[in-house]
Amino acid sequence: MDKHSVYQTNSFYWDTKGNDFLGAIVLPSYGAFVSEEKCRLFGDVAGKKMLEIGCGNGQSLQYHGERQASELWAVDISENQLEKAAQHLQSCGLSAKLICSPMEEECGLPVNYFDFVYSVYAIGWTTDLEGTFRRIASYLKKDGVFIFSWSHPIHKCVVAENDSLVFKKCYFDESWYSVPLVEGELKLSDRKLSTYVNALAKAGFVIEQLIEESDEAMMQSRDDRSDLVKKAKMLPVTFVIKARKL
Ligand SMILES: C[S@@+](CC[C@H](N)C(=O)[O-])C[C@H]1O[C@@H](n2cnc3c(N)ncnc32)[C@H](O)[C@@H]1O
């Protein structure tokens, strides 16, 4: 895997077509079918300094801004996403410090500074999970909290066929692959859950909560016959981890 080619391919996508499917993966939703309203992982963020990794269009920053967070910061690889985020926040009467950079690279963020670092469906795009978690640990104060969601790796291995779920991909395979899209492509690797857990431990985090659930109320708002809902009734399609810097 050549990280510069991944940056180029993926940032091109997020700069152009990527905006089209953003929306379902902003707080209070962690993705299908997990909600902050039910999990309550953040608690009271009033007066807290928040950093989002891969902020997209800025709606999760808005969520924390409206809950009186004292500072909003974010890093994203895509100039266009950041432009959208800045416009969106301005229209809500909020502002944030927005930095355009791959999350895995040094980008001038302050260290030992943030109360919370969080990410909603963006961490998995990193080309260097251990390095990214080390950087995130460095941005947090001692006892600071890191919360992130991503596709559950089991969900990526299984497809719905009629009323059954069929294993189509090897759970252990973490190699990078190309996702062909109608216009363009994305490059991605499906990491095992243990890869995330072990990388967190190595970076100096202790895991406080691992969420694997499919919220019934959220599923009811989707077409009951969709493959995603069929899957979500039998396995977690999203996972969320809350970890604390030691
Ligand atoms: C699926 S979106 C989720 C963003 C946000 N939750 C939302 O819905 O607006 C993933 C975001 O991660 C960003 N991204 C992808 N790879 C990245 C990287 N290596 N470093 C920083 N940001 C990255 C993309 O530009 C995109 O804004």
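Read-outs throughout are calculated quantities, based only on the coordinates presented, and are distinct from any laboratory measurement. Bear in mind the structure is a predicted one, so any value in this text is a computation, not a measurement. Glycine gets a Cβ as well: all are built from the backbone with ideal geometry, and neighbour counts include every protein chain shown.
Helix 193-202 and the longest principal axis of the Cα set of the chain meet at an angle near 30°.
Using alpha carbon centroids, what distance separates the range 77-154 and the range 175-246, in Å? If we compute the Cα centre of each part, the gap is 17 Å.
The magnitude of the dipole of the chain, with charges of +1 and -1 set on the Cβ of Lys/Arg and Asp/Glu and taken from the Cα centre, is near 600 debye. Helix 3-15 axis versus longest C-alpha principal axis of the chain: approximately 90°, rounded to the nearest ten.
In the calculated pair-distance distribution of the range 1-117, the portion above 21 angstrom amounts to 39 percent of the Cα-Cα pairs. Shown here for the range 165-246: GluC sites (Glu not before Pro) in loop regions (DSSP other than H, G, I, E, B) with at most 14 other Cβ atoms within 10 Å, namely Glu174, Glu183. Compared with the rule-of-thumb size 2.2 N^0.38 Å for a compact globular protein, the range 3-245 has a Cα radius of gyration ratio of 0.98. Its residues counted as N, the range 162-205 yields a C-alpha radius of gyration over 2.2 N^0.38 Å of 1.59.
Antiparallel beta bridges, as assigned by DSSP with both residues in the chain, represent about 55 percent of the total such bridges. Modelled spin-label separation between Glu66 and Cys170, with each label point placed 7 Å from Cα along the Cα-to-Cβ direction: 4.6 nm. Specify which residue in the list Met103, Gly31, Phe114 is farthest towards the positive end of the charge dipole of the chain, using unit charges on the beta carbon of Lys, Arg (+1) and Asp, Glu (-1), about the Cα centre. Of the candidates, Phe114 comes out farthest on the positive side.
Take every Cα-Cα pair in the range 188-246 and report what % of them are more than 17 Å apart. For the range 188-246, the fraction of Cα-Cα distances above 17 Å is 51 percent.
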